1. For the pair ASP48 and LYS107, how long in nm is the line joining their label points, each one 7 Å along Cα→Cβ?
2. For LEU106, what is the net charge nearby, where nearby means another residue's Cβ is under 10 Å from its Cβ and Lys, Arg count +1, Asp, Glu -1?
3. Arrange the peptides 168-176, 155-163 so that the one whose residues have, on average, the most other Cβ atoms within 10 Å appears first.
4. Please go through region 1-88 and write out the GluC sites (Glu not before Pro) that DSSP classes as loop and that have at most 14 other C-beta atoms within 10 Å.
5. Could I have the simple spin-label model distance between LEU253 and VAL125, label points 7 Å from Cα toward Cβ, reported in nm to one decimal?
6. What size of dipole, in debye to the nearest 20, comes out for region 26-109 about its Cα centre when the only charges are +1 on Lys and Arg C-beta atoms and -1 on Asp and Glu C-beta atoms?
7. Quick one: of LYS192/LYS221; LYS107/LYS242; LYS67/LYS159; LYS2/LYS221; LYS97/LYS242; LYS2/LYS242, which pairs are farther than 32 Å apart, Cα to Cα?
8. Among the trypsin sites (Lys or Arg not before Pro) within region 97-147, which fall in a DSSP loop and have no more than 16 other Cβ atoms within 10 Å of their own Cβ?
Amino acid sequence: MKIISFVIPACNAEKTIRRTIDSIIQSSFFIQSEIIIVENGSTDSTYDISNSYATNIENVYLYESEKGVSNARNLGIKKARGEWIVFVAADDSIYNKGLSAVPFLLKICEVDLVLFNYQKGNNKVSQITIDTILVGQELNDYKIKMIEKPTQYLFVWAKAFKRSVILGMENYFNPDLKLAEDGDFMIRYLQKVHSILLSNQLLYCYFIDTPSTMRTFNATKLKGYIKALQITSEFIEQECSKEIQEAFNLYVLTHFNIIMV
């Protein structure tokens, strides 16, 4: 079994997909990893570029899914063989310098989720200063903090997810959601988490050279956003503690602030 499965949903990413794949292949831990590219509805040369890698490089695999990032991630989860899953956007990259310790770290740590530092544009975001394992009340407090501050914590990149925990979820990513699907997945995943490792390693490079969904907002996306909040709210009310429900109120307020801005 591989230690890490890097799952890359790819749609119309011909300009950036090489950068993403190369960042993983050139890393010191690629030998203990696999790359799963899931092409989903591209109209450019994304499939051909990805197929060239899958054909010529061992441990790089290419699949096709129905259109949508959630469909692509779900298929990637099903195909993954790694103990850990790291989601990578097809326009971002893995920071591969000096990270030879990451596979060893993931192999020995008995936790359900690992959070890493990351770089956004040219700025390093160092939320974590020292490696820390959270359990018990510290874990519960941190979960609440993550839900209260979704723009800082409830995205799926710069994290390593235990594949066995994901497989134990009733559903993975909701393909009906076009917005806030990361937050919905994260909240449901956190309900399964009994321990978290905060790692001060810099793992992920988030590029801002492509337009984001939120920068091209419209009325249709507003409806999609509200739908996502309603679906997540139903899960919160049925499955989560009073503390989590109260934290979710701030989650909702944060997202409505984003909508208004």
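1. 4.0
2. So the surrounding residues net to +1.
3. Values: 168-176: 15.2, 155-163: 21.8.
The most tightly packed comes first, giving 155-163, 168-176.
4. Within region 1-88, the qualifying GluC sites (Glu not before Pro) (loop, at most 14 other Cβ atoms within 10 Å) are GLU58, GLU66.
5. In this crude spin-label approximation the distance works out to 2.1 nm.
6. With Lys and Arg at +1 and Asp and Glu at -1, about 380 debye.
7. LYS107/LYS242; LYS2/LYS221; LYS97/LYS242; LYS2/LYS242
8. LYS97
Every number in this text was worked out from the coordinates using simple rules, so none of it is lab data. The shown structure was predicted, so the numbers you read here are calculated from the model rather than taken from an experiment. Heads up, the Cβs are rebuilt from the backbone with ideal geometry, glycines too, and the neighbour counts pull from every protein chain shown.
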